[in-house]
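Scroll down for the structure; my scribbles are underneath it.
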Amino acid sequence: MRTVETAQTFLTASEVDALVGDYLAGMSVKALAERYGIHRATVFSHLRRRDVPSRRPGLGVEEKAEAVRLARAGVSMRAIGRRMGVDRKAVRAALVEAGLIADKIIDGVS
């Protein structure tokens, strides 16, 4: 029986420094994994080893700006979330933060 092996990508200390910096600047774990050619779980491992506090899943600064742009263009929160790989609640939080929608529940509708 043959097994398929996957090539491992090892990051240098300076690459891990850059990865941590990108994460702290708001880059998503998915984007970091793609940028550095590693699995998302490996990104989390590097961050844990460096004692980087985890943040709530959501959108980074640039992603929030893109979500606002898409919402203004008439794209639904659900469609924006699918496009950006987050749930509708993360998109809604970005739109509330930008002042695009209210953060109040009126008559049971949010």
* Any chance Arg92 is surrounded by 11 or more Cβ atoms within 10 Å (Cβ to Cβ), at pLDDT below 90 and part of a helix (DSSP H, G or I) -> no
* Return the residue satisfying two criteria in turn: it lies in the range 38-84 and is of a type in the set (Ser, Thr, Tyr) and not in a loop (DSSP other than H, G, I, E, B), and of such residues it is surrounded by the fewest Cβ atoms within 10 Å (Cβ to Cβ). => Ser45
* Give me the pairs: first residue in the range 63-87 and free of Cβ contacts under 8 Å to residues at least 60 places away in the same chain and β-branched (Val, Ile, Thr), second residue part of a helix (DSSP H, G or I) and surrounded by 16 or more Cβ atoms within 10 Å (Cβ to Cβ), beta-carbon distance under 7 Å, and six or more apart or on different chains, which are they? -> Val68/Ala94; Val68/Leu95; Ile80/Ala67; Ile80/Leu70; Ile80/Ala71; Ile80/Val91
* Asked: Quick check: anything in the range 95-103 in contact with a Gly (Cβ under 7 Å, 6 or more places away or on another chain) and more than 30 Å from Leu11 (Cα to Cα)?
  -> no
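The values are calculated or read from the model by the stated rules, or taken from the named source; none is laboratory data. This structure is a prediction, so every number in the text was calculated from the model and none was measured. No Cβ is skipped: glycine too gets one built from the backbone with ideal geometry, and neighbour counts run over all protein chains shown.
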